[in-house]
Amino acid sequence: MSPVAIAASPASDVLVEMRDVDMEFVLGGALVNQHVLRALSGVSFQLRAGRALALVGESGSGKSTCARLLARVYRPARGSIAFKGADIEPLRGRSLQAYRADVQMVFQDPFGSLNPTQTIGYHLERPLRLHRPELRGGAIKAEVEALLARVGLTPAADFTARRPHELSGGQRQRVAIARALSVQPAVLLADEPTSMLDVSVRLGILNLLEDLKTQRNLAALYITHDIATARYFAEDTAVLYAGHLVEQGPSGVITSTPAHPYTQLLIEAVPNPQRKITPRAARRATDIPMWTPESRGCPFVARCPRALAICREAMPAPTDLGAGHTVRCHNL
Amino acid sequence: MSSNLMEVRNLTVDYVGENAIARAVNGIDFDIREGEAFGLAGESGCGKSTVAFALARLTRLPGLVTGGSVRFMGEEVLEFERERLRKYRWNEVSFVFQSAMNALNPVIPVSEQISDTIWTHNPKATREEIRARAVAMFELVGIPARRLDDYPHQFSGGMRQRICIAIALCLNPRLIIMDEPTTALDVVVQRDIIEQIVDLKAKLGFSVLFITHALGLLIEFCDRIGIMYAGELVEVAPSSAILDAPQHPYTRALGNSFPPLTGPRQRLEGIAGTPPAPRAMPVGCRFAPRCGQAMPVCSLIAPELKVYPELGSEAACHLLQ
């Protein structure tokens, strides 16, 4: 793995750009007691070819919502998402199908994302038939075996006739990755791809994704709650808190010199075998606030050790700390 | 050296099927000392939870404790009769499970769930005494007493896990077995809970058996750690030795499976292959098929756990002979 590249890539590398996206969900009853949850507030980031961006944050911070917006499962309430410079909002029919081949997802749960009644071969043949009509007959079979070999499932012929329950979690996740690759995507959205797997096989999956990213020049979005694997796999890291992107920059910089108090809290909380635990006297409230369109200020204010009066009034604009490192905080 | 609260010798647990027996725990030995935090680490399926259940005499069919001994303060736990067992569970040894979401009854206020526990073991206590104890336990784990009559769904995951800890502590046990107590929680909440356990342990002096696959957390929290692989203990050592001088190749490989947060970014390899299935255990050392340093002898003879006093470690590996 190369050391952290600081220099920003040229703009032409940008495959996906999310700009000022708000996402809202209506919660509550069908007619009464409705209220609006703002899942994302003004989120902007870019995915570049051959690079990975890690989205880090706790449960409910909006990480998966970002991936689903990019996969066009949801549509943003405000803001825009562009793929290769063109807005994805107007895509319909064939153009949408082509977009979905370009932007593929790998899910968290390899036990749920494969159909238990179908063979591994079926899982890989189906996307080939749908998205790559130029392949016929023997070519499909050859491509299935090439895909399985590519993700480390060899001898491939042994795997095509098996069903998901005959495979371990790590092998299943490799099938899910092969399925995503089958349609030759440009962008891979990986939503906690290793958190359901055994510790000893997690690195194997991350290393496979790393190799694919480099060899196929894929742009990757890596969603995780584990900031250490974010640093391991992704060149850049973005930290989400209650739907706000509070800090963004090269992964090495974010983990070594975090600027936002939430990122600092997150890094301080990561298990560190080099020290012994010392209990803190005062515990901070740990609930993420429920964000609504009426909410004001910085969402972290209730837990923030250096909150100012202005923090309750307005969310600050990003401050540029250089080398692509930006942070949204009033009190730096 | 402090005395042993619990001594486990040659503990063997099988899962019995109609046509086959799967040995989940294959004759393991370890001690838990007074006031210490002892950790058990290993991959899913290595038998660490099976050990925890066996120590609390909670093994249920098809699981069966088929051999060995568990001595708690000198008494043989595996021979406890009904009444003695009742006192042993919760008065002396209590449990905190991974799924705080499911450990509490959703249709009963949490106050009743903690009062039930206190009342069951102290039938003579008055209503006021029980309530006072429940309030005290809640305050101990940092939950306001006014929330005592709320239902489990009104609490966050971290608070529910704190309530489980309060229930585990309410009878002043000597040992708390914690099976992945923080795995389902976010990292900041996890840190809060662990710090709280450290704090309570210092105040109340109980011992902890802490089970998780997160080796980094275990090294930070525990005094000594046992590393399990495929139903066997391959190494038992002080936390500092697990970090600085791991003896068994599996301990080293497990340690290299977690990317660090500091230091150079370099490629780590994890562990090739997968753990063996319980019904198809390899002959000899069970880790040999995945071990980069395996020798011919490794696939013939199983190494025994031997003491290496200069390190304070015990390890089972032919490389160390």
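The values are calculated or read from the model by the stated rules, or taken from the named source; none is laboratory data. Small disclaimer: the values here were computed from a predicted structure and weren't measured. Cβ sites come from the backbone with ideal geometry, for glycine too, and all protein chains shown count toward neighbours.
Selection of segment A:242-256 for residues being of a type in the set (Ser, Thr, Tyr) and either in contact with a strand residue (DSSP E or B) (Cβ under 9 Å, 6 or more places away or on another chain) or modelled with pLDDT of 95 or more (or both) yields A:251, A:255. Filtered by the rule that a residue be of a type in the set (Val, Ile, Thr), modelled with pLDDT of 90 or more and not in a helix (DSSP H, G or I), segment B:230-282 gives B:234, B:236.
Yes/no matrix, rows are residues, columns are (1) within 12 Å of chain A (Cβ to nearest Cβ); (2) in contact with a strand residue (DSSP E or B) (Cβ under 8 Å, 6 or more places away or on another chain):
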residue: B:235; (1), (2): no, yes
residue: B:249; (1), (2): no, no
residue: B:266; (1), (2): yes, no
residue: B:271; (1), (2): yes, no
residue: B:278; (1), (2): no, yes
residue: B:282; (1), (2): no, no
residue: B:290; (1), (2): yes, no
residue: B:293; (1), (2): no, no
residue: B:305; (1), (2): no, yes
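Checking each residue in segment A:51-94 for being under 14 Å from the mean Cα position of the chain (by Cα) and of a type in the set (Val, Ile, Thr) picks out A:56, A:65. Within the set B:162, B:127, the sole residue that is without any contact (Cβ under 8 Å) to a residue 40 or more places away in the chain, among the basic types (Lys, Arg) and surrounded by 17 or more Cβ atoms within 10 Å (Cβ to Cβ) turns out to be B:162.
Please go through segment B:132-159 and give me each residue that is farther than 17 Å from residue B:115 by Cβ and not in a loop (DSSP other than H, G, I, E, B), ordered by number. Answer for segment B:132-159, where residues must be farther than 17 Å from residue B:115 by Cβ and not in a loop (DSSP other than H, G, I, E, B): B:153, B:154, B:157, B:158, B:159. Applying the set (1) more than 8 Å from chain A (Cβ to nearest Cβ); (2) on the phi < 0 side of the Ramachandran plot to residue B:259 leaves exactly one unmet item: (1).
Per-residue answers, yes or no, for (1) in contact (Cβ under 8 Å) with a residue 12 or more places away in the chain; (2) more than 24 Å from residue B:174 (Cα to Cα); (3) among the aliphatic types (A, V, I, L, M):
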site: B:23; (1), (2), (3): yes, yes, no
site: B:32; (1), (2), (3): yes, no, yes
site: B:37; (1), (2), (3): yes, no, yes
site: B:44; (1), (2), (3): yes, yes, no
site: B:49; (1), (2), (3): yes, no, no
site: B:56; (1), (2), (3): yes, no, yes
site: B:63; (1), (2), (3): yes, yes, no
site: B:67; (1), (2), (3): yes, yes, no
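Scanning segment B:53-74 for residues that are closer than 16 Å to residue B:33 by Cα and surrounded by 13 or more Cβ atoms within 10 Å (Cβ to Cβ) gives B:55, B:70, B:71, B:72, B:73. The residues of segment A:157-209 that are within 14 Å of another protein chain (Cβ to nearest Cβ), more than 23 Å from residue B:183 (Cβ to Cβ) and assigned to a loop (DSSP other than H, G, I, E, B) amount to a single one, A:167.
All of (1) touching a residue at least 24 places away in the same chain (Cβ under 8 Å); (2) closer than 30 Å to residue A:17 by Cβ hold for residue A:92 with one exception: (1). Tallying residues that are facing chain A (nearest Cβ under 9 Å) and β-branched (Val, Ile, Thr) within segment B:201-233 yields 1. The number of residues in segment A:43-58 that are part of a loop (DSSP other than H, G, I, E, B) and out of contact with any helix residue (DSSP H, G or I) (no Cβ under 8 Å at 6 or more places or on another chain) comes to 0.
One line per residue, one yes/no per condition, for (1) surrounded by 11 or more Cβ atoms within 10 Å (Cβ to Cβ); (2) at positive phi; (3) at pLDDT below 80:
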{"position": "A:275", "(1), (2), (3)": "no, no, yes"}
{"position": "A:278", "(1), (2), (3)": "no, no, yes"}
{"position": "A:285", "(1), (2), (3)": "no, no, yes"}
{"position": "A:290", "(1), (2), (3)": "yes, no, no"}
{"position": "A:297", "(1), (2), (3)": "yes, yes, no"}
{"position": "A:304", "(1), (2), (3)": "yes, no, no"}
{"position": "A:307", "(1), (2), (3)": "yes, no, no"}
